[in-house]
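Where a number appears in this text, it was derived from the coordinates with a stated rule and is not lab data. Note that this is a predicted model, so its numbers are computed, not measured. Positions of Cβ are generated from backbone atoms using ideal geometry, with glycine treated the same way; all protein chains shown enter the neighbour counts.
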Amino acid sequence: MIIRKLFKFENAHVVRGCSTFRCRSSIHGHSYKVELLFESNFLDNGQMVYDFGLMKQNMKAIVDSFDHAIALWDADDKEYIKDMQKHSLRWVLLPVSVCRTIFPHLFCDDRQTFATYKQRKWRERC
């Protein structure tokens with residue numbers, strides 16, 4: 001049996017190091033979708049693959065930290081980071097230059113780079 005849940009969010013960033021001038025020099029955003037799939041051949045004591053309420057609650061908190069926020073690379077220009085944090089109520093500081101293909105790794109990758117980076121240095125001011 002498989003269960004699935006789709007989450008959507010909007011996020012802005014600058015892609016430093018990108019070959020496209022527009023993307024590496026301008027704030028822009030994307031609409032994202034994160035879909036979780038749980039598969040099991042066995043049901044838990046509640047006759048569920050996984051407690052859907054727990055999954056929604058935990059994942060929603062993570063997705064919400066990115067929704068309508070600006071994703072900042074911690075190695076970017078310090079003045080730029082400071083200004084973005086000053087002028088945006090919602091921001092998240094990440095250990096990688098943010099591009100749309102990095103989000104699957106942030107949500108699902110078990111590599112040490114993301115799992116232990118200063119206890120997932122998410123920052124949110126609201």
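Side notes on the structure shown:
- A single entry from Leu89, Leu37, Leu54 fulfils the requirement of being part of a loop (DSSP other than H, G, I, E, B), among the hydrophobic types (A, V, I, L, M, F, W, C) and surrounded by fewer than 15 Cβ atoms within 10 Å (Cβ to Cβ): Leu89.
- Filter result for Val49 (in contact with a strand residue (DSSP E or B) (Cβ under 9 Å, 6 or more places away or on another chain) and closer than 21 Å to Ser88 by Cβ): no
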